[in-house]
Amino acid sequence: MSSCLDAAIPETTRHATSRFRPAIHFTARDTWLNDPNGLVYYGGLYHLFFQNNPYGSVWGNMSWGHATSRDLLHWTEHPVAIACDEEEDIFSGSVVVDHGNTSGFGTADHPALVAIYTSAYKAASEHHGTQAQSLAYSTDAGMTWRKYDGNPVLSRNSAHFRDPKVFRYQGERGAGWIMVAVEAQHQKVVLYRSDDLKSWEFLSDFGPANADQGEWECPDLFPLMVDGDPDNTKWVLIVNVNPGAVAGGSGGQYFVGTFDGVRFVPDAGSLAAPAGVSALDDPAAAAAALQQCLWLDWGRDCYASVSFSDAPDGRRIIIGWMNNWDYANQLPTAPWRSSMTLARELRLTEINGSARLIQQPVLPPARAEEAVHAVIGQMDAVAFDLRDSAFRLPDAVPGSAHIIEAEILTGSASHVAFHLFGDSEGSAGTLLTYHAAANQLVLDRRLSGNTGFHEKFPSVEAAPLVLEDGALKLQIVVDHCSVEVFAQDGKVVLTDLVFPEEGHTGNRLTVSGGQATIRTLTVTALN
Ligand code: FRU
(Lines give C-alpha, C1' and ligand atoms only; values in the text may rest on other atoms or scores of the structure.)
Protein backbone atom coordinates (compact mmCIF):
# COMPACT_ATOMS: atom_id res chain seq x y z
CA MET A 1 0.00 0.00 0.00
CA SER A 2 1.27 3.47 -0.73
CA SER A 3 0.13 6.98 -0.08
CA CYS A 4 1.44 8.35 -3.36
CA LEU A 5 -1.96 9.48 -4.62
CA ASP A 6 -2.58 12.27 -2.15
CA ALA A 7 0.94 13.61 -2.50
CA ALA A 8 0.33 13.93 -6.24
CA ILE A 9 -2.68 16.24 -5.81
CA PRO A 10 -1.64 19.84 -6.47
CA GLU A 11 -2.77 22.54 -4.05
CA THR A 12 -4.69 24.30 -6.86
CA THR A 13 -6.85 21.21 -7.38
CA ARG A 14 -7.55 20.94 -3.67
CA HIS A 15 -8.63 24.57 -3.62
CA ALA A 16 -10.68 24.40 -6.81
CA THR A 17 -12.67 21.41 -5.63
CA SER A 18 -13.26 22.48 -2.06
CA ARG A 19 -16.31 24.46 -3.19
CA PHE A 20 -17.99 21.17 -4.14
CA ARG A 21 -17.62 19.77 -0.62
CA PRO A 22 -21.20 19.03 0.53
CA ALA A 23 -22.59 20.81 3.59
CA ILE A 24 -25.03 18.12 4.75
CA HIS A 25 -23.78 14.95 3.06
CA PHE A 26 -20.99 12.83 4.50
CA THR A 27 -17.60 12.86 2.77
CA ALA A 28 -14.33 11.49 4.10
CA ARG A 29 -11.91 14.26 5.07
CA ASP A 30 -9.38 13.69 2.31
CA THR A 31 -9.75 10.19 0.89
CA TRP A 32 -11.90 8.00 -1.32
CA LEU A 33 -15.12 6.34 -0.14
CA ASN A 34 -17.73 4.02 -1.60
CA ASP A 35 -20.48 1.85 -0.06
CA PRO A 36 -21.90 2.57 3.37
CA ASN A 37 -21.11 -0.40 5.64
CA GLY A 38 -22.09 -1.57 9.10
CA LEU A 39 -24.80 1.05 9.66
CA VAL A 40 -25.80 0.65 13.29
CA TYR A 41 -27.32 2.77 16.05
CA TYR A 42 -25.74 2.16 19.42
CA GLY A 43 -25.37 4.17 22.62
CA GLY A 44 -27.04 7.26 21.19
CA LEU A 45 -24.84 7.39 18.10
CA TYR A 46 -25.41 6.48 14.49
CA HIS A 47 -22.31 4.67 13.22
CA LEU A 48 -21.47 4.90 9.55
CA PHE A 49 -18.67 2.62 8.45
CA PHE A 50 -17.77 2.88 4.80
CA GLN A 51 -15.62 1.43 2.04
CA ASN A 52 -12.53 3.58 2.23
CA ASN A 53 -9.12 3.87 0.65
CA PRO A 54 -7.16 5.37 3.57
CA TYR A 55 -4.24 6.06 1.23
CA GLY A 56 -5.78 7.71 -1.79
CA SER A 57 -8.54 9.28 -3.81
CA VAL A 58 -9.48 6.36 -6.04
CA TRP A 59 -10.79 2.87 -5.22
CA GLY A 60 -8.18 0.57 -3.66
CA ASN A 61 -6.74 -0.67 -0.32
CA MET A 62 -10.31 -1.34 0.76
CA SER A 63 -10.79 -0.82 4.48
CA TRP A 64 -13.67 0.26 6.68
CA GLY A 65 -13.60 3.97 7.44
CA HIS A 66 -15.73 5.18 10.34
CA ALA A 67 -17.87 8.18 11.25
CA THR A 68 -20.52 8.85 13.89
CA SER A 69 -23.44 11.23 14.19
CA ARG A 70 -26.20 12.05 16.63
CA ASP A 71 -28.60 13.38 14.00
CA LEU A 72 -27.57 11.74 10.68
CA LEU A 73 -26.56 15.20 9.40
CA HIS A 74 -23.44 16.21 11.32
CA TRP A 75 -20.74 13.55 11.12
CA THR A 76 -17.43 13.11 12.93
CA GLU A 77 -14.84 11.00 11.14
CA HIS A 78 -12.79 8.59 13.26
CA PRO A 79 -9.67 6.53 12.51
CA VAL A 80 -10.01 3.60 10.13
CA ALA A 81 -11.99 0.87 11.91
CA ILE A 82 -10.97 -2.28 10.05
CA ALA A 83 -7.90 -2.01 7.85
CA CYS A 84 -6.85 -4.09 4.86
CA ASP A 85 -3.61 -6.07 5.16
CA GLU A 86 -1.35 -8.16 2.90
CA GLU A 87 -3.88 -11.00 2.80
CA GLU A 88 -7.27 -9.34 2.48
CA ASP A 89 -9.22 -6.28 1.48
CA ILE A 90 -12.17 -5.52 3.72
CA PHE A 91 -15.21 -5.39 1.44
CA SER A 92 -18.77 -4.41 2.32
CA GLY A 93 -20.81 -5.85 5.17
CA SER A 94 -22.90 -5.04 8.21
CA VAL A 95 -22.71 -4.62 11.99
CA VAL A 96 -25.05 -6.08 14.60
CA VAL A 97 -25.30 -5.44 18.32
CA ASP A 98 -24.95 -8.91 19.85
CA HIS A 99 -27.38 -8.20 22.71
CA GLY A 100 -27.53 -11.83 23.85
CA ASN A 101 -23.74 -12.34 23.59
CA THR A 102 -24.40 -15.23 21.21
CA SER A 103 -20.89 -14.88 19.80
CA GLY A 104 -19.17 -14.79 23.18
CA PHE A 105 -17.21 -11.71 22.07
CA GLY A 106 -18.79 -9.52 24.73
CA THR A 107 -20.66 -10.15 27.97
CA ALA A 108 -24.36 -10.17 28.76
CA ASP A 109 -24.02 -6.71 30.31
CA HIS A 110 -21.70 -5.31 27.67
CA PRO A 111 -22.68 -6.68 24.29
CA ALA A 112 -20.08 -6.63 21.56
CA LEU A 113 -20.69 -4.96 18.23
CA VAL A 114 -19.96 -7.59 15.60
CA ALA A 115 -19.01 -6.72 12.03
CA ILE A 116 -19.72 -9.31 9.35
CA TYR A 117 -17.63 -8.27 6.34
CA THR A 118 -16.35 -9.78 3.13
CA SER A 119 -12.72 -10.88 3.05
CA ALA A 120 -11.58 -10.25 -0.53
CA TYR A 121 -8.47 -12.40 -0.46
CA LYS A 122 -5.23 -11.27 -2.08
CA ALA A 123 -2.34 -13.21 -3.59
CA ALA A 124 -0.58 -13.60 -0.21
CA SER A 125 -3.54 -15.51 1.24
CA GLU A 126 -4.14 -19.24 1.12
CA HIS A 127 -7.73 -18.32 0.13
CA HIS A 128 -6.57 -16.24 -2.83
CA GLY A 129 -9.18 -16.06 -5.57
CA THR A 130 -12.17 -16.30 -3.24
CA GLN A 131 -14.40 -13.94 -1.33
CA ALA A 132 -15.74 -15.21 2.00
CA GLN A 133 -17.46 -13.80 5.10
CA SER A 134 -15.47 -12.87 8.21
CA LEU A 135 -16.05 -11.32 11.62
CA ALA A 136 -14.51 -8.49 13.59
CA TYR A 137 -15.77 -7.26 16.94
CA SER A 138 -15.66 -4.21 19.14
CA THR A 139 -16.09 -4.12 22.91
CA ASP A 140 -15.67 -0.34 23.17
CA ALA A 141 -18.88 0.77 21.44
CA GLY A 142 -17.47 0.61 17.94
CA MET A 143 -14.32 2.66 18.31
CA THR A 144 -11.73 -0.13 17.94
CA TRP A 145 -12.04 -3.52 16.27
CA ARG A 146 -10.35 -6.94 16.40
CA LYS A 147 -10.62 -9.54 13.70
CA TYR A 148 -11.88 -12.94 14.86
CA ASP A 149 -9.12 -15.54 14.68
CA GLY A 150 -11.48 -18.16 13.25
CA ASN A 151 -11.99 -16.21 10.01
CA PRO A 152 -13.42 -16.76 7.50
CA VAL A 153 -16.65 -18.01 9.07
CA LEU A 154 -18.45 -18.71 5.78
CA SER A 155 -16.97 -19.67 2.41
CA ARG A 156 -18.54 -21.09 -0.73
CA ASN A 157 -15.21 -21.27 -2.57
CA SER A 158 -16.65 -18.58 -4.76
CA ALA A 159 -14.84 -15.58 -6.25
CA HIS A 160 -17.90 -13.31 -6.00
CA PHE A 161 -19.66 -14.16 -2.71
CA ARG A 162 -19.96 -10.90 -0.78
CA ASP A 163 -21.77 -8.06 1.00
CA PRO A 164 -23.36 -9.84 4.00
CA LYS A 165 -26.23 -8.04 5.74
CA VAL A 166 -27.15 -9.72 9.02
CA PHE A 167 -30.25 -9.22 11.16
CA ARG A 168 -31.97 -10.84 14.12
CA TYR A 169 -35.03 -12.93 13.31
CA GLN A 170 -37.58 -14.53 15.59
CA GLY A 171 -39.48 -17.37 13.96
CA GLU A 172 -40.58 -20.98 14.29
CA ARG A 173 -37.05 -22.03 15.16
CA GLY A 174 -36.74 -19.40 17.86
CA ALA A 175 -34.42 -16.45 17.62
CA GLY A 176 -31.41 -16.52 15.34
CA TRP A 177 -29.30 -14.53 12.93
CA ILE A 178 -30.14 -14.34 9.23
CA MET A 179 -27.57 -13.32 6.63
CA VAL A 180 -28.41 -12.09 3.15
CA ALA A 181 -25.43 -11.89 0.81
CA VAL A 182 -24.88 -12.22 -2.95
CA GLU A 183 -23.38 -14.47 -5.55
CA ALA A 184 -22.79 -11.31 -7.53
CA GLN A 185 -22.16 -12.74 -10.97
CA HIS A 186 -25.04 -15.20 -10.76
CA GLN A 187 -27.58 -12.51 -9.82
CA LYS A 188 -28.46 -14.43 -6.67
CA VAL A 189 -29.21 -13.37 -3.14
CA VAL A 190 -28.18 -16.20 -0.79
CA LEU A 191 -29.64 -16.62 2.69
CA TYR A 192 -28.00 -18.30 5.70
CA ARG A 193 -28.87 -18.79 9.36
CA SER A 194 -26.72 -18.88 12.50
CA ASP A 195 -27.10 -19.10 16.27
CA ASP A 196 -23.72 -17.59 17.13
CA LEU A 197 -22.62 -15.60 14.02
CA LYS A 198 -19.75 -18.10 13.64
CA SER A 199 -21.30 -21.18 12.06
CA TRP A 200 -23.78 -20.72 9.25
CA GLU A 201 -26.36 -22.96 7.63
CA PHE A 202 -27.63 -22.43 4.07
CA LEU A 203 -31.35 -21.59 3.82
CA SER A 204 -32.28 -20.64 0.26
CA ASP A 205 -31.50 -18.35 -2.61
CA PHE A 206 -33.40 -15.81 -4.67
CA GLY A 207 -32.80 -14.64 -8.24
CA PRO A 208 -32.17 -13.80 -10.97
CA ALA A 209 -35.24 -11.55 -11.23
CA ASN A 210 -36.10 -8.10 -12.60
CA ALA A 211 -32.91 -6.11 -13.32
CA ASP A 212 -30.42 -8.94 -13.86
CA GLN A 213 -28.03 -7.66 -16.51
CA GLY A 214 -25.29 -6.64 -14.06
CA GLU A 215 -23.71 -7.94 -10.87
CA TRP A 216 -25.98 -8.11 -7.85
CA GLU A 217 -24.42 -6.40 -4.83
CA CYS A 218 -25.19 -5.13 -1.32
CA PRO A 219 -28.57 -6.75 -0.51
CA ASP A 220 -30.78 -5.95 2.47
CA LEU A 221 -33.91 -7.63 3.81
CA PHE A 222 -36.30 -6.19 6.40
CA PRO A 223 -39.97 -6.05 7.39
CA LEU A 224 -42.17 -2.95 7.19
CA MET A 225 -45.82 -2.38 7.97
CA VAL A 226 -47.94 -1.34 5.01
CA ASP A 227 -49.42 2.08 5.76
CA GLY A 228 -48.58 1.58 9.42
CA ASP A 229 -50.92 -1.42 9.79
CA PRO A 230 -49.43 -3.91 12.30
CA ASP A 231 -51.58 -6.68 10.79
CA ASN A 232 -50.13 -6.13 7.34
CA THR A 233 -46.35 -6.52 7.38
CA LYS A 234 -44.38 -7.13 4.20
CA TRP A 235 -40.70 -7.88 3.64
CA VAL A 236 -38.58 -5.67 1.43
CA LEU A 237 -35.54 -7.11 -0.35
CA ILE A 238 -33.12 -4.48 -1.67
CA VAL A 239 -30.76 -5.65 -4.39
CA ASN A 240 -28.25 -3.23 -5.86
CA VAL A 241 -27.23 -3.88 -9.46
CA ASN A 242 -24.19 -2.75 -11.41
CA PRO A 243 -24.31 -2.10 -14.31
CA GLY A 244 -27.84 -2.38 -15.69
CA ALA A 245 -29.78 0.04 -13.48
CA VAL A 246 -32.67 2.05 -14.93
CA ALA A 247 -30.65 5.26 -15.33
CA GLY A 248 -27.54 3.42 -16.51
CA GLY A 249 -24.63 1.97 -14.56
CA SER A 250 -25.26 1.33 -10.86
CA GLY A 251 -28.57 1.59 -9.02
CA GLY A 252 -30.79 0.03 -6.38
CA GLN A 253 -33.85 -2.09 -7.08
CA TYR A 254 -36.19 -3.67 -4.54
CA PHE A 255 -38.78 -6.43 -4.26
CA VAL A 256 -41.73 -6.64 -1.85
CA GLY A 257 -42.85 -10.05 -0.63
CA THR A 258 -42.86 -12.50 2.25
CA PHE A 259 -40.12 -14.09 4.34
CA ASP A 260 -40.82 -17.14 6.51
CA GLY A 261 -37.42 -17.52 8.13
CA VAL A 262 -36.13 -19.60 5.22
CA ARG A 263 -37.21 -18.16 1.91
CA PHE A 264 -38.04 -14.78 0.41
CA VAL A 265 -40.96 -14.95 -2.03
CA PRO A 266 -41.74 -11.81 -4.05
CA ASP A 267 -45.33 -10.64 -4.51
CA ALA A 268 -46.50 -10.98 -8.10
CA GLY A 269 -46.96 -7.21 -8.16
CA SER A 270 -43.25 -6.76 -7.59
CA LEU A 271 -42.06 -8.74 -10.59
CA ALA A 272 -41.60 -7.17 -14.01
CA ALA A 273 -42.27 -9.10 -17.19
CA PRO A 274 -38.88 -10.40 -18.36
CA ALA A 275 -37.39 -8.32 -21.18
CA GLY A 276 -36.55 -11.44 -23.15
CA VAL A 277 -33.90 -9.47 -25.03
CA SER A 278 -30.48 -8.12 -24.19
CA ALA A 279 -29.80 -4.40 -24.22
CA LEU A 280 -27.40 -4.99 -27.10
CA ASP A 281 -30.02 -6.66 -29.30
CA ASP A 282 -32.91 -4.34 -28.53
CA PRO A 283 -32.04 -1.34 -26.34
CA ALA A 284 -35.58 0.10 -26.42
CA ALA A 285 -37.24 -3.13 -25.25
CA ALA A 286 -34.60 -3.64 -22.55
CA ALA A 287 -35.05 -0.05 -21.33
CA ALA A 288 -38.84 -0.45 -21.26
CA ALA A 289 -38.47 -3.63 -19.19
CA LEU A 290 -36.25 -1.82 -16.68
CA GLN A 291 -38.93 0.86 -16.24
CA GLN A 292 -41.23 -1.89 -14.90
CA CYS A 293 -38.85 -2.85 -12.08
CA LEU A 294 -39.05 -1.22 -8.65
CA TRP A 295 -36.30 1.35 -8.12
CA LEU A 296 -35.22 3.03 -4.92
CA ASP A 297 -33.98 5.94 -6.98
CA TRP A 298 -34.40 6.83 -10.67
CA GLY A 299 -31.31 9.05 -10.86
CA ARG A 300 -27.72 8.23 -11.68
CA ASP A 301 -26.19 8.54 -8.24
CA CYS A 302 -27.66 6.38 -5.53
CA TYR A 303 -26.02 3.01 -5.04
CA ALA A 304 -25.35 0.35 -2.41
CA SER A 305 -28.17 1.61 -0.16
CA VAL A 306 -28.50 -0.40 3.04
CA SER A 307 -30.33 0.16 6.30
CA PHE A 308 -29.33 0.72 9.92
CA SER A 309 -29.44 -2.07 12.48
CA ASP A 310 -31.19 -1.18 15.76
CA ALA A 311 -32.43 2.23 14.58
CA PRO A 312 -34.52 3.86 17.34
CA ASP A 313 -38.32 3.55 17.41
CA GLY A 314 -38.29 0.73 14.86
CA ARG A 315 -37.49 3.21 12.10
CA ARG A 316 -35.99 1.86 8.87
CA ILE A 317 -33.35 4.30 7.69
CA ILE A 318 -31.10 3.80 4.71
CA ILE A 319 -28.04 5.59 3.38
CA GLY A 320 -26.69 5.11 -0.14
CA TRP A 321 -23.43 5.92 -1.86
CA MET A 322 -24.07 9.04 -3.99
CA ASN A 323 -22.12 7.90 -7.02
CA ASN A 324 -22.07 5.55 -9.97
CA TRP A 325 -19.36 3.07 -10.91
CA ASP A 326 -19.59 4.39 -14.49
CA TYR A 327 -17.39 7.36 -13.55
CA ALA A 328 -16.83 7.17 -9.78
CA ASN A 329 -13.05 7.26 -9.89
CA GLN A 330 -13.03 10.33 -12.16
CA LEU A 331 -15.25 12.72 -10.17
CA PRO A 332 -13.60 16.15 -10.36
CA THR A 333 -12.84 16.54 -6.65
CA ALA A 334 -9.69 15.74 -4.72
CA PRO A 335 -8.34 14.68 -2.33
CA TRP A 336 -11.81 13.76 -1.04
CA ARG A 337 -13.88 11.89 -3.57
CA SER A 338 -17.52 10.79 -3.23
CA SER A 339 -20.18 11.28 -0.65
CA MET A 340 -23.14 9.49 0.85
CA THR A 341 -26.78 10.33 0.11
CA LEU A 342 -28.84 11.91 2.83
CA ALA A 343 -30.22 9.37 5.28
CA ARG A 344 -33.72 8.42 4.14
CA GLU A 345 -36.52 6.92 6.18
CA LEU A 346 -38.44 4.15 4.43
CA ARG A 347 -42.11 3.28 4.70
CA LEU A 348 -44.40 1.03 2.70
CA THR A 349 -47.64 2.30 1.25
CA GLU A 350 -50.21 0.67 -0.97
CA ILE A 351 -50.44 2.04 -4.50
CA ASN A 352 -52.89 0.46 -6.95
CA GLY A 353 -53.12 -2.68 -4.84
CA SER A 354 -49.36 -3.21 -4.42
CA ALA A 355 -47.05 -2.23 -1.58
CA ARG A 356 -44.41 0.30 -2.63
CA LEU A 357 -41.60 2.08 -0.81
CA ILE A 358 -41.74 5.76 -0.01
CA GLN A 359 -38.69 7.68 1.21
CA GLN A 360 -38.37 10.81 3.32
CA PRO A 361 -35.02 12.52 3.67
CA VAL A 362 -33.80 13.04 7.21
CA LEU A 363 -33.56 16.83 7.49
CA PRO A 364 -32.74 19.23 10.31
CA PRO A 365 -35.70 18.98 12.72
CA ALA A 366 -37.60 22.09 13.72
CA ARG A 367 -37.97 24.63 10.95
CA ALA A 368 -38.39 27.11 13.76
CA GLU A 369 -34.80 26.72 14.86
CA GLU A 370 -33.69 29.72 12.89
CA ALA A 371 -29.98 29.30 13.42
CA VAL A 372 -29.97 25.85 11.92
CA HIS A 373 -32.65 26.21 9.40
CA ALA A 374 -33.40 29.79 8.43
CA VAL A 375 -36.46 30.18 6.25
CA ILE A 376 -35.19 32.51 3.59
CA GLY A 377 -38.05 32.68 1.20
CA GLN A 378 -41.64 31.85 1.81
CA MET A 379 -44.38 32.52 -0.65
CA ASP A 380 -47.00 30.16 0.56
CA ALA A 381 -49.33 32.79 1.92
CA VAL A 382 -51.16 33.22 -1.37
CA ALA A 383 -51.21 30.85 -4.31
CA PHE A 384 -50.27 32.42 -7.61
CA ASP A 385 -50.56 31.50 -11.26
CA LEU A 386 -47.81 31.35 -13.86
CA ARG A 387 -48.55 31.15 -17.58
CA ASP A 388 -45.73 30.70 -20.05
CA SER A 389 -43.35 32.56 -17.81
CA ALA A 390 -40.40 32.17 -15.49
CA PHE A 391 -40.07 33.06 -11.83
CA ARG A 392 -36.79 33.57 -10.03
CA LEU A 393 -36.66 31.85 -6.65
CA PRO A 394 -35.18 33.70 -3.70
CA ASP A 395 -31.49 32.93 -3.27
CA ALA A 396 -30.44 30.59 -0.55
CA VAL A 397 -27.90 31.90 1.92
CA PRO A 398 -24.84 32.13 -0.35
CA GLY A 399 -22.86 28.93 -0.29
CA SER A 400 -25.48 27.00 1.64
CA ALA A 401 -27.24 23.77 0.93
CA HIS A 402 -30.96 24.38 0.60
CA ILE A 403 -34.28 22.70 0.10
CA ILE A 404 -36.94 23.85 -2.35
CA GLU A 405 -40.40 22.63 -1.46
CA ALA A 406 -43.30 23.16 -3.82
CA GLU A 407 -46.84 22.07 -4.44
CA ILE A 408 -48.01 22.97 -7.93
CA LEU A 409 -51.31 22.38 -9.70
CA THR A 410 -49.93 21.78 -13.16
CA GLY A 411 -53.24 22.83 -14.78
CA SER A 412 -52.98 23.32 -18.53
CA ALA A 413 -49.17 23.63 -18.55
CA SER A 414 -47.31 21.14 -20.71
CA HIS A 415 -44.06 21.60 -18.76
CA VAL A 416 -43.21 22.77 -15.26
CA ALA A 417 -39.47 23.09 -14.78
CA PHE A 418 -37.05 23.95 -12.01
CA HIS A 419 -33.80 25.33 -13.34
CA LEU A 420 -31.16 24.79 -10.63
CA PHE A 421 -27.62 26.17 -10.36
CA GLY A 422 -28.47 28.50 -13.26
CA ASP A 423 -26.47 31.35 -14.75
CA SER A 424 -27.83 34.88 -15.22
CA GLU A 425 -28.84 34.22 -18.86
CA GLY A 426 -30.85 31.18 -17.86
CA SER A 427 -29.03 28.88 -20.26
CA ALA A 428 -26.72 26.73 -18.13
CA GLY A 429 -28.00 24.71 -15.19
CA THR A 430 -29.58 21.46 -14.04
CA LEU A 431 -33.12 21.01 -15.26
CA LEU A 432 -35.87 19.18 -13.37
CA THR A 433 -38.97 19.07 -15.56
CA TYR A 434 -42.44 17.65 -15.16
CA HIS A 435 -43.72 16.62 -18.62
CA ALA A 436 -47.50 16.50 -18.53
CA ALA A 437 -48.00 14.54 -21.75
CA ALA A 438 -45.51 11.85 -20.74
CA ASN A 439 -46.41 11.79 -17.01
CA GLN A 440 -42.70 11.92 -16.30
CA LEU A 441 -40.31 13.75 -14.04
CA VAL A 442 -37.08 14.31 -15.93
CA LEU A 443 -33.69 15.29 -14.51
CA ASP A 444 -31.26 16.66 -17.11
CA ARG A 445 -27.69 17.51 -16.14
CA ARG A 446 -26.22 17.90 -19.60
CA LEU A 447 -25.67 21.66 -19.03
CA SER A 448 -25.06 21.41 -15.29
CA GLY A 449 -21.43 22.61 -15.35
CA ASN A 450 -18.38 20.37 -15.49
CA THR A 451 -19.64 17.24 -17.25
CA GLY A 452 -16.57 16.58 -19.39
CA PHE A 453 -14.52 14.49 -16.97
CA HIS A 454 -16.21 11.32 -18.20
CA GLU A 455 -18.18 10.55 -21.35
CA LYS A 456 -20.91 8.81 -19.35
CA PHE A 457 -21.51 11.72 -16.98
CA PRO A 458 -23.80 13.97 -19.09
CA SER A 459 -27.22 12.37 -18.71
CA VAL A 460 -31.01 12.69 -18.73
CA GLU A 461 -33.17 10.43 -16.56
CA ALA A 462 -36.93 10.02 -16.50
CA ALA A 463 -39.18 8.62 -13.75
CA PRO A 464 -42.90 7.91 -14.12
CA LEU A 465 -44.92 10.33 -12.00
CA VAL A 466 -48.63 10.39 -11.20
CA LEU A 467 -50.14 13.72 -10.11
CA GLU A 468 -52.22 13.62 -6.93
CA ASP A 469 -55.46 15.63 -7.27
CA GLY A 470 -53.73 17.50 -10.06
CA ALA A 471 -50.77 18.38 -7.86
CA LEU A 472 -47.05 17.96 -8.34
CA LYS A 473 -45.35 17.82 -4.93
CA LEU A 474 -41.61 18.29 -4.77
CA GLN A 475 -38.87 18.41 -2.18
CA ILE A 476 -35.58 19.23 -3.89
CA VAL A 477 -32.48 19.06 -1.70
CA VAL A 478 -29.64 20.98 -3.31
CA ASP A 479 -26.15 20.65 -1.86
CA HIS A 480 -22.87 21.86 -3.37
CA CYS A 481 -22.52 19.01 -5.85
CA SER A 482 -25.84 17.19 -5.72
CA VAL A 483 -29.55 17.37 -6.38
CA GLU A 484 -31.85 14.92 -4.56
CA VAL A 485 -35.49 15.01 -5.59
CA PHE A 486 -38.29 13.53 -3.48
CA ALA A 487 -41.54 13.77 -5.44
CA GLN A 488 -45.13 12.94 -4.45
CA ASP A 489 -44.25 12.58 -0.74
CA GLY A 490 -41.28 10.33 -1.50
CA LYS A 491 -42.93 7.93 -3.95
CA VAL A 492 -40.50 8.97 -6.70
CA VAL A 493 -36.86 9.75 -5.91
CA LEU A 494 -34.12 10.97 -8.24
CA THR A 495 -30.53 11.70 -7.22
CA ASP A 496 -27.82 13.21 -9.41
CA LEU A 497 -24.39 14.64 -8.82
CA VAL A 498 -23.67 17.97 -10.54
CA PHE A 499 -20.54 20.14 -10.65
CA PRO A 500 -21.79 23.66 -11.43
CA GLU A 501 -19.62 26.51 -12.66
CA GLU A 502 -18.49 29.03 -10.05
CA GLY A 503 -21.17 31.66 -9.43
CA HIS A 504 -24.02 29.63 -10.94
CA THR A 505 -26.28 29.64 -7.93
CA GLY A 506 -29.65 30.91 -9.18
CA ASN A 507 -32.81 28.82 -9.18
CA ARG A 508 -35.81 29.54 -11.41
CA LEU A 509 -39.22 28.04 -11.99
CA THR A 510 -40.61 28.02 -15.53
CA VAL A 511 -44.10 27.15 -16.67
CA SER A 512 -44.67 26.60 -20.37
CA GLY A 513 -47.42 25.44 -22.72
CA GLY A 514 -50.20 26.73 -20.47
CA GLN A 515 -50.93 27.84 -16.92
CA ALA A 516 -50.03 26.32 -13.55
CA THR A 517 -50.97 27.34 -10.02
CA ILE A 518 -48.16 27.55 -7.49
CA ARG A 519 -49.86 26.57 -4.25
CA THR A 520 -46.80 26.67 -2.03
CA LEU A 521 -43.16 27.38 -2.69
CA THR A 522 -40.45 27.69 -0.06
CA VAL A 523 -36.68 27.86 -0.19
CA THR A 524 -34.94 27.02 3.07
CA ALA A 525 -31.24 27.08 3.86
CA LEU A 526 -29.92 23.83 5.34
CA ASN A 527 -26.66 24.43 7.12
C1 FRU B 1 -20.33 -2.30 -4.37
C2 FRU B 1 -19.08 -3.12 -4.16
C3 FRU B 1 -19.36 -4.30 -3.27
C4 FRU B 1 -18.02 -4.61 -2.69
C5 FRU B 1 -17.42 -3.23 -2.55
C6 FRU B 1 -15.94 -3.18 -2.79
O7 FRU B 1 -20.09 -0.98 -4.73
O8 FRU B 1 -18.58 -3.53 -5.41
O9 FRU B 1 -19.96 -5.40 -3.92
O10 FRU B 1 -18.11 -5.28 -1.47
O11 FRU B 1 -18.06 -2.41 -3.49
O12 FRU B 1 -15.44 -1.90 -2.51
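The values are calculated or read from the model by the stated rules, or taken from the named source; none is laboratory data. In this text the structure is predicted, and so the values were computed from the model without any measurement. Cβ: placed from backbone, ideal geometry, glycine included. Neighbour counts: every protein chain shown. To get the accessible areas, we keep the full protein, side chains included, count just its heavy atoms, and leave off ligands, DNA and RNA. Shrake-Rupley method; radii C 1.70, N 1.55, O 1.52, S 1.80 Å.
With Cα atoms defining each centre, the stretch 459-527 and the stretch 300-358 are spaced 18 Å apart in the structure. The lysine pair count for the chain, using Cα distances under 18 Å and pairs eight or more places apart or on different chains, is 7. Packing order of peptides 292-299, 432-439, highest average first: 292-299, 432-439 (average count of other Cβ atoms within 10 Å over each peptide's residues). Rounded to the nearest 20 debye, the dipole magnitude of the stretch 30-361 is 200 debye, with +1 charges on Lys and Arg beta carbons, -1 on Asp and Glu beta carbons, and the Cα centre as origin.
For the stretch 392-433, the share of alpha carbon pairs falling in successive 10 Å distance bins from zero is 21, 52, 24, 2 percent.
How would you classify the stretch 176-260 from its alpha-carbon gyration tensor, with a ≥ b ≥ c the square roots of the eigenvalues: rounded for a/c under 1.5, else prolate if a/b is greater than b/c, otherwise oblate? Oblate, because a/c is 1.5 or more while a/b does not exceed b/c. A 1.4 Å probe run over the chain, with the rest of the protein chains in place, finds 38 Å² accessible per residue.
Based on Cα contacts under 8 Å between residues 6+ apart, the stretch 30-361 shows a relative contact order of 14 percent.
From its DSSP helices (H runs of at least four residues, each -39,500 (n - 2.57)), the chain gives a residue-normalised ellipticity at 222 nm of -1000 deg cm²/dmol.
Each principal axis of the stretch 30-361 carries a Cα extent, and these read 51, 48, 41 Å when sorted largest first. Net charge of the neighbourhood of ASP267, taken over other residues with C-beta under 13 Å away and scored Lys/Arg +1, Asp/Glu -1, is +1.
Across the accessible surface of the chain, with the other protein chains kept in place and a 1.4 Å probe, carbon and sulfur atoms take up 50 percent. Estimated from the Cβ-Cβ distance and a Förster radius of 41 angstrom, the FRET efficiency linking GLU468 and SER125 is about 0.15. May I ask for log10 I(q)/I(0) of the stretch 367-526 at q = 0.08, 0.16 Å⁻¹, from a Debye sum over the Cα atoms as equal point scatterers with solvent left out? Computed log10 I(q)/I(0) values: -0.21, -0.88. Taking Cβ atoms as reference points and 10 Å as the exclusive limit, the residues near ASP35 contribute a net charge of -2, counting Lys and Arg as +1 and Asp and Glu as -1.
Ordering of 221-234, 47-60, 259-272 by packing is 47-60, 259-272, 221-234, highest average first (other Cβ atoms within 10 Å, averaged per residue).
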